[in-house]
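Enquirer: The structure's right below; bear with me while I get my questions together.
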Amino acid sequence: QVQLVESGGGWVQPGGSLRLSCAASLSMFSFYTVGWYRQAPGKQRELVAINTNDNRTIYGNSVKGRFFISRDNAKKTLDLQMNSLRPEDTAVYYCNGKLSPNDYWGQGTQVTVSS
């Protein structure tokens, strides 16, 4: 059974940093893409960052230059370093792994950016 478990969310002031981590029940190489998405209240889920098995990385426009995704295949983890956080980054952040034909999601972790 494929499981993804996020950790590291919380509250931070604007301009601060947080690091999210996603632990998988199988090797990250098993997925053809792994990534992070987020959903704010009343909004659709949106792409934050994804990483593919051929080592391409795609970031959402609103986080480029501030957020950085990294995977550790040996540890079976996927991290998201979030810097220069803004109130509009407030959302539930979800880890995702695509393993054809299925799409796997973690339970989500709340990130709140406010003063």
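The values are calculated or read from the model by the stated rules, or taken from the named source; none is laboratory data. No experiment lies behind these values; they were computed from the predicted model shown. Counting neighbours? That spans all protein chains shown, and the Cβs are built from the backbone with ideal geometry, glycine included. In case anyone asks, the SASA skips ligands and DNA or RNA and just uses the protein heavy atoms, side chains included. Shrake-Rupley method; radii C 1.70, N 1.55, O 1.52, S 1.80 Å.
Enquirer: Using the heavy atoms of the protein chains and a 1.4 angstrom probe, tell me the accessible area per residue for the chain in square angstrom.
Expert: For the chain, the solvent-accessible area averages 52 Å² per residue.
Enquirer: Taking K and R as +1 and D and E as -1, what net charge do the other residues with C-beta under 10 Å from the C-beta of Q81 add up to? Provide the component values of the computation, followed by the final result.
Expert: Numbers: positive: R19, R66; negative: D79.
Charge balance in the 10 Å sphere: +1.
Enquirer: At 10 °C and a viscosity of 1.306 mPa s, what translational diffusion coefficient does Stokes-Einstein give for the range 21-75, taking Rh as the Kirkwood radius over Cα pairs? Give it in µm²/s as a whole number. Walk me through the numbers before you get to the answer.
Expert: Numbers: Rh = 12.3 Å.
After rounding, the answer is 130 µm²/s.
Enquirer: Then there's this: Which translational diffusion coefficient, to the nearest whole µm²/s, is obtained for the chain from the Stokes-Einstein equation, given a Kirkwood hydrodynamic radius over C-alpha pairs, 37 °C and 0.692 mPa s?
Expert: On the way: Rh = 14.0 Å.
The diffusion coefficient I find is 234 µm²/s.
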